[in-house]
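Novice: Right, I'll just put the structure down here and ask away after.
The values are calculated or read from the model by the stated rules, or taken from the named source; none is laboratory data. Note that the structure is a prediction, hence the values are computed from the model and not measured. With ideal geometry, Cβ positions are generated from the backbone for all residues, glycine too; neighbour counts draw on all protein chains shown.
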Amino acid sequence: MQDYKAPVRDAMFVTHELFDFQSHYAKLGFDDVSEDLVSAIFSEAAKFAENSLAPINASGDKEGCKFDDGVVTTPSGFKEAYKQYVEGGWPGLAHPEEFGGQALPYSLGTTLAEWFSGANHSWAMYPGLSQGCIKTLKAHGSDEQKQRFLPKLIEGSWTGTMCLTEAHCGSDLGMLKCRAEPAEDGSYRLTGTKIFISAGEHDMSDNIVHIVIARTPDAPEGTKGISLFVVPKFNVSEDGEIEDRNAVSCGSIEHKMGIKASATCVINFDGAKGYLIGEENRGLACMFTFMNMARIGTGLEGLAASEAAFQGALRYAKDRLQFRSLTGRKKPDAPADPIIVHPDVRRMLLTQKAFAEGNRAMACYCMKLVDETLYGSDDTAKQLAEAKLALLTPIVKAFLTETAQETTSYGMQVYGGHGYISEWGMEQLARDTRICTMYEGTTGIQAIDLLARKIMGSKGELLNVFAQEVRQYCDSLRANTKFSVWTNALTSHLDEWLQITQDIGKSAATNPDELGAASVDYLMYSGYVTVGYFWLKMAVVAQQKLDEGSTETDYYQAKLHTAQFYFDRLLTRTRSLVSAMQSGSDNLMSMSEAMFQVE
């Protein structure tokens, strides 16, 4: 979208008015990260997103990436925008000073990732993958590996990837075949082919550092035999300088529905030199550092699309003249009224707004939790943050991307036939965002992770920890009758959430298929309730600001109205989800495979 505007005001509302990030940063030792500094960073990031990334979004989609005998060329303007990104110091914003970073909080840098993705999803994929690569090396790399790779990655002159899946295994990583043979010099030689590697090859950086999972010769079968390696495109000397070309090549790039300006590569390792990260056969545990950050990042891509779709639909709805209002002419001097006067258009716009702003609050809450786990000194607080993150990460990934499918579809629908053509950018948003429910684990995989691994695996403890926070907040509002309807609705849902969890657990004790049958509906139910919690909190803050005499009356009144819409029309969707969960697994599993056929 060429006219994308970074949601700076709403980001400041969520981070500083809702969650008091200034006190949060001070508690974690970031005393210099004042509200003024954050505001200045937000302003510059907004300019970059709006002026450098958004103008090359549509052209990048049209031009796509070019592949020629292993060489990938990105669309016009992409390389130049990346150069601006590096010169602006954005790659190292939240990384240690000892490796050339600016040592600012994770949450600050991650907030900006939404804007870059909203302005240009394809372009944002390139530096986005680097962030995960950096975090993995920081968390699990040896001192030598950190010194060798991190300075250039944090500087941005090198970029990174993660190389997980292979053609035959999809998300079942225990089936991978990529081999890693020990070499005499202590390194390894990797041989195998990885697919769906975002930013696996391109012309925007001097080197590409791949984080790769593979098996050593004596590794056990399944996920217990996975090791993790760092494998550069160009070999790197001990002092971090580029040497000769490594045996890493791009076999092809995918032809995709969307994000066409992001190179999705087949990467071949033909005895490529790599270095073991951590211990042998412990690679998947290390990789979860990358994968968990990537899941939150993918959720942010869904959020970014919801925001962009809302912006485009709102502009069009205010300008487009069609029919007259059912309650009488609103613009008597015009041939018709703007379509924003029609109830169904309002329904779509408010759904977009409610998801964009509610999902942003949930995402920023999770960023705050990540800060606590990374920088906190209180072990009890860190453990509590880790527990809440474990519960919420699959919800953020799946709920934010599933609701983005709805919001981008409404973006097209508000435009009518114009939404289906490329001129307005709505159909590109829908195409680009479709992948978000699939990569980094499909919605079904996130759902089974939430219900089976996190909820049942902790015997409900992870859910109880978060539910207790929500209940305590609702209890604190008992004296405020202005919010009693919403508070009662939320506490009723909490009770139901816990009861449904128990019921599914009992059913699954005799039939494990009950977990899989309920999982996606359970995740979506969890998402609606969680976002309801944040809409209640936002409404309370908005009312406080109005009571204090704020001059931003329209902004805060809009928060209250959108909260009303959410509780009346979106939270009530949980009724059908409960019915589906209670129906059990028989309606899915009792039909024999032989009956699935095409006549």
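Novice: Go through (1) farther than 26 Å from Phe13 by Cβ; (2) touching a Gly at 6+ places or on another chain (Cβ under 8 Å) and name the single condition Ala49 misses.
Specialist: Answer for Ala49: the failing condition is (1).
Novice: Is it fair to say Asp3 is without any contact (Cβ under 8 Å) to a residue 24 or more places away in the chain, surrounded by fewer than 18 Cβ atoms within 10 Å (Cβ to Cβ) and out of contact with any Leu (no Cβ under 8 Å at 6 or more places or on another chain)? Explain how you work it out, then say what you get.
Specialist: On the way: without any contact (Cβ under 8 Å) to a residue 24 or more places away in the chain: no; surrounded by fewer than 18 Cβ atoms within 10 Å (Cβ to Cβ): yes; out of contact with any Leu (no Cβ under 8 Å at 6 or more places or on another chain): yes.
No.
Novice: What number goes with the only condition from (1) surrounded by fewer than 18 Cβ atoms within 10 Å (Cβ to Cβ); (2) closer than 30 Å to Glu87 by Cβ; (3) touching a Pro at 6+ places or on another chain (Cβ under 9 Å) that Arg245 does not pass?
Specialist: Just one mismatch for Arg245, condition (3).
Novice: Tell me, yes or no, whether segment 567-574 has at least one residue that is over 26 Å from the mean Cα position of the chain (by Cα), under 24 Å from Thr487 (Cα atoms) and in contact (Cβ under 8 Å) with a residue 12 or more places away in the chain.
Specialist: The answer is no; no qualifying residue exists.
Novice: Then there is this: Of everything in segment 273-302, what is under 22 Å from Thr191 (Cα atoms) and modelled with pLDDT of 95 or more? Give them in sequence order.
Specialist: If the condition is that a residue be under 22 Å from Thr191 (Cα atoms) and modelled with pLDDT of 95 or more, then Lys273, Gly274, Tyr275, Leu276, Ile277 are the ones that fit.
Novice: Within segment 479-498, restricting attention to residues that are under 16 Å from Ala539 (Cβ atoms) and among the polar types (S, T, N, Q), which residue is surrounded by the fewest Cβ atoms within 10 Å (Cβ to Cβ)?
Specialist: The extreme case among them is Thr481.
Novice: Can you pull out every residue in segment 82-102 that is more than 20 Å from Val14 (Cβ to Cβ), of a type in the set (Gly, Ala, Ser) and within 22 Å of the chain's Cα centre (by Cα)?
Specialist: Matches in segment 82-102: Gly92 only.
Novice: Okay, moving on. Looking at (1) surrounded by 14 or more Cβ atoms within 10 Å (Cβ to Cβ); (2) assigned to a loop (DSSP other than H, G, I, E, B), can you tell me which one Ile211 breaks?
Specialist: (2)
Novice: Same structure again: Exactly one of these conditions fails for Ile395: (1) in contact (Cβ under 8 Å) with a residue 60 or more places away in the chain; (2) in contact with a Phe, Trp or Tyr (Cβ under 6 Å, 6 or more places away or on another chain). Give me its number.
Specialist: With (1) in contact (Cβ under 8 Å) with a residue 60 or more places away in the chain; (2) in contact with a Phe, Trp or Tyr (Cβ under 6 Å, 6 or more places away or on another chain) applied to Ile395, the lone miss is (2).
Yes/no per residue for (1) of a type in the set (A, V, I, L, M, F, W, C); (2) modelled with pLDDT of 95 or more; (3) surrounded by fewer than 24 Cβ atoms within 10 Å (Cβ to Cβ):
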{"residue": "Glu357", "(1), (2), (3)": "no, yes, no"}
{"residue": "Arg360", "(1), (2), (3)": "no, yes, no"}
{"residue": "Lys368", "(1), (2), (3)": "no, yes, yes"}
{"residue": "Leu374", "(1), (2), (3)": "yes, no, yes"}
{"residue": "Thr380", "(1), (2), (3)": "no, yes, yes"}
{"residue": "Leu384", "(1), (2), (3)": "yes, yes, yes"}
{"residue": "Ala387", "(1), (2), (3)": "yes, yes, yes"}
{"residue": "Lys397", "(1), (2), (3)": "no, yes, no"}
{"residue": "Leu400", "(1), (2), (3)": "yes, yes, no"}
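Conditions (1) within 21 Å of Lys397 (Cβ to Cβ); (2) of a type outside the set (Val, Ile, Thr), marked per residue:
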position: Asp449; (1), (2): yes, yes
position: Ala452; (1), (2): yes, yes
position: Met456; (1), (2): yes, yes
position: Arg478; (1), (2): no, yes
position: Val485; (1), (2): no, no
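Novice: Please specify each residue of segment 23-60 satisfying the condition of being basic (Lys, Arg), buried (at least 16 other Cβ atoms within 10 Å of the Cβ) and either assigned by TED's automatic domain parsing to the domain that holds Leu369 or closer than 30 Å to Glu423 by Cβ (or both). Break it down stepwise before answering.
Specialist: Applying the first criterion (basic (Lys, Arg)) to segment 23-60 yields 27, 47.
Now restrict to residues that are buried (at least 16 other Cβ atoms within 10 Å of the Cβ): 27.
Those that are basic (Lys, Arg), buried (at least 16 other Cβ atoms within 10 Å of the Cβ) and either assigned by TED's automatic domain parsing to the domain that holds Leu369 or closer than 30 Å to Glu423 by Cβ (or both): none in segment 23-60.
Novice: When the residues of segment 225-242 are narrowed to those that are under 18 Å from Gly170 (Cα atoms) and in contact (Cβ under 8 Å) with a residue 60 or more places away in the chain, which ends up surrounded by the fewest Cβ atoms within 10 Å (Cβ to Cβ)?
Specialist: By that ranking, first place goes to Ile226.
Novice: Then there is this: Please work out if Thr562 is closer than 25 Å to Leu389 by Cα and surrounded by 15 or more Cβ atoms within 10 Å (Cβ to Cβ).
Specialist: Taking the combined requirement at face value, the residue does not satisfy it.
Novice: When you check Asp20 against the structure, is it over 20 Å from the mean Cα position of the chain (by Cα) and not assigned by TED's automatic domain parsing to the domain that holds Ala361, yes or no?
Specialist: Yes.
Novice: Looking at segment 530-537, can you tell me whether even one residue there is in contact (Cβ under 8 Å) with a residue 24 or more places away in the chain, part of a helix (DSSP H, G or I), touching a helix residue (DSSP H, G or I) at 6+ places or on another chain (Cβ under 9 Å) and closer than 30 Å to Met589 by Cβ? Step through it out loud before you land on a result.
Specialist: Of segment 530-537, the ones in contact (Cβ under 8 Å) with a residue 24 or more places away in the chain are 530-537.
From what is left, the residues that are part of a helix (DSSP H, G or I) are 530-537.
Filter again for touching a helix residue (DSSP H, G or I) at 6+ places or on another chain (Cβ under 9 Å), leaving 530-537.
Next, from what is left, pick out any that are closer than 30 Å to Met589 by Cβ: 530.
Taking every residue of segment 530-537 in turn, at least one turns out to be in contact (Cβ under 8 Å) with a residue 24 or more places away in the chain, part of a helix (DSSP H, G or I), touching a helix residue (DSSP H, G or I) at 6+ places or on another chain (Cβ under 9 Å) and closer than 30 Å to Met589 by Cβ.
Novice: Looking only at segment 459-472, count how many residues are touching a residue at least 60 places away in the same chain (Cβ under 8 Å) and surrounded by fewer than 16 Cβ atoms within 10 Å (Cβ to Cβ). Give the derivation first.
Specialist: Let us first name the residues in segment 459-472 that are touching a residue at least 60 places away in the same chain (Cβ under 8 Å), namely 461-463, 465-466, 469-470.
Within this subset, residues satisfying the condition of being surrounded by fewer than 16 Cβ atoms within 10 Å (Cβ to Cβ) are 461, 469.
Looking only at that region, the number is 2.
Novice: Okay, moving on. Hey, among the residues in segment 584-598 that are surrounded by 10 or more Cβ atoms within 10 Å (Cβ to Cβ) and of a type in the set (S, T, N, Q), which one's nearest to Thr501 (Cα to Cα)?
Specialist: Within segment 584-598, the match that is nearest to Thr501 (Cα to Cα) is Ser585.
Novice: Next question. For segment 109-168: of the residues being in a loop (DSSP other than H, G, I, E, B) and touching a strand residue (DSSP E or B) at 6+ places or on another chain (Cβ under 9 Å), which is surrounded by the fewest Cβ atoms within 10 Å (Cβ to Cβ)?
Specialist: Step by step, filter segment 109-168, then rank; the result is Ala167.
Novice: Can I ask one more? Please work out if Ile226 is touching a strand residue (DSSP E or B) at 6+ places or on another chain (Cβ under 7 Å) and more than 20 Å from Thr73 (Cβ to Cβ). Show your work before the answer.
Specialist: Details: touching a strand residue (DSSP E or B) at 6+ places or on another chain (Cβ under 7 Å): yes; more than 20 Å from Thr73 (Cβ to Cβ): yes.
In short, yes.
Novice: Somewhere in segment 436-446, is a residue in contact (Cβ under 8 Å) with a residue 24 or more places away in the chain, out of contact with any helix residue (DSSP H, G or I) (no Cβ under 8 Å at 6 or more places or on another chain) and not in a helix (DSSP H, G or I)?
Specialist: Checked against the condition, which is being in contact (Cβ under 8 Å) with a residue 24 or more places away in the chain, out of contact with any helix residue (DSSP H, G or I) (no Cβ under 8 Å at 6 or more places or on another chain) and not in a helix (DSSP H, G or I), segment 436-446 yields at least one hit.
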